[in-house]
Amino acid sequence: MEIKGNVARFLQSNTDTDVIIPAKFLKRTALDGFEQFSFYEKKYEAGTICEPSIEEKDYVFDSATTVLNKDCTLNHPNSKDASFLLTWENFGCGSSREHAVYALKGFKVVIGSAPAGKSAFADIFRDNCRQNLIWTPVVSEEDFKTLNNYIEKEIDHSSIELTLDIENKKIRSADGAVEVDYQLPEAHEKYLLAGLDAFAKAKIEIDKNLEIISKWEDSNKTLLAASPNSKN
């Protein structure tokens, strides 16, 4: 199995969940649509206004003040519609808010790395990614430099397509110029390959238990009828 997609980068160390999705957007009632507000304070200039709208029942960008930050790597024109995100050291730290992962739902793969002895991802964040079917492969610091240098060299010329080769535990560029190994906990891989997020798995379990209860009730109608709590 392989996952393919263009790559974007956000290489700030210790990127906390408040950077990924600022606290003010947690007031939204919907659990989808957070992607448009991801990295809000990094992707947009300080004067950008995005406030709640009674009519839209959501936060809305003011077109007159919305200006993209050209220095933010996420805004590179050749990273548009990226489904891979390259990150660096302790990504997703801070608050354990799951909304940070909702904000990254546009990405299928978030690649992490860190110096030896350091964490590529915050543990809770990484597990939240797993539950929301986002792959979080970790590459060595040396392989990170190889991958990042390749992207830095090529990104101004065209979009960079990467492949996550799950069977061989490799990440490679479409042109074959770069191929690096990655690590992912076996339990994470099994969960992700099953293709079910936490809500879907919970619903399956609930439906399964309801079916068991229903069958038991059908086969024990006499016993239930004799029960003091029977409505009959």
Taking region 1-21 and the residues there that are assigned to a loop (DSSP other than H, G, I, E, B) and surrounded by 17 or more Cβ atoms within 10 Å (Cβ to Cβ), the one that is farthest from the chain's Cα centre (by Cα) would be T15
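Yes/no matrix, rows are residues, columns are (1) modelled with pLDDT of 95 or more; (2) within 18 Å of I151 (Cβ to Cβ); (3) aliphatic (A, V, I, L, M):
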| site | (1), (2), (3) |
| --- | --- |
| N14 | yes, no, no |
| K24 | no, no, no |
| T29 | no, no, no |
| E35 | no, no, no |
| P52 | no, no, no |
| E56 | no, no, no |
| K80 | no, yes, no |
| F84 | yes, yes, no |
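Condition check ((1) under 17 Å from E154 (Cβ atoms); (2) hydroxyl-bearing (S, T, Y)) across all residues:
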{"position": "K70", "(1), (2)": "no, no"}
{"position": "K80", "(1), (2)": "yes, no"}
{"position": "S83", "(1), (2)": "no, yes"}
{"position": "L86", "(1), (2)": "yes, no"}
{"position": "F91", "(1), (2)": "no, no"}
{"position": "E98", "(1), (2)": "no, no"}
{"position": "V101", "(1), (2)": "no, no"}
{"position": "K105", "(1), (2)": "no, no"}
Just to be sure, is E51 exposed (fewer than 14 other Cβ atoms within 10 Å of the Cβ), touching a Leu at 6+ places or on another chain (Cβ under 7 Å) and farther than 18 Å from K105 by Cα?
no
V60 in the same structural domain as C129 (by TED's automatic domain parsing), under 22 Å from F144 (Cβ atoms) and surrounded by 12 or more Cβ atoms within 10 Å (Cβ to Cβ)
no
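This table checks each residue for (1) in a loop (DSSP other than H, G, I, E, B); (2) within 18 Å of N132 (Cβ to Cβ); (3) outside the structural domain of D165 (by TED's automatic domain parsing); (4) within 20 Å of the chain's Cα centre (by Cα).
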{"position": "A30", "(1), (2), (3), (4)": "yes, yes, no, yes"}
{"position": "E35", "(1), (2), (3), (4)": "no, yes, no, yes"}
{"position": "K42", "(1), (2), (3), (4)": "no, no, no, yes"}
{"position": "K70", "(1), (2), (3), (4)": "yes, no, no, no"}
I'd like to check something: does region 189-203 contain any residue that is in contact (Cβ under 8 Å) with a residue 60 or more places away in the chain, in contact with a strand residue (DSSP E or B) (Cβ under 9 Å, 6 or more places away or on another chain) and more than 23 Å from N75 (Cα to Cα)?
yes
Condition set out of contact with any Asp or Glu (no Cβ under 9 Å at 6 or more places or on another chain) and of a type in the set (S, T, N, Q), scope region 23-76, selection farthest from R97 (Cα to Cα): answer is S63
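The values are calculated or read from the model by the stated rules, or taken from the named source; none is laboratory data. Note that the structure is predicted; figures quoted are calculated from it, not measured. In this analysis, Cβ positions are derived from the backbone assuming ideal geometry, glycine residues included, and neighbour counts consider all displayed protein chains.
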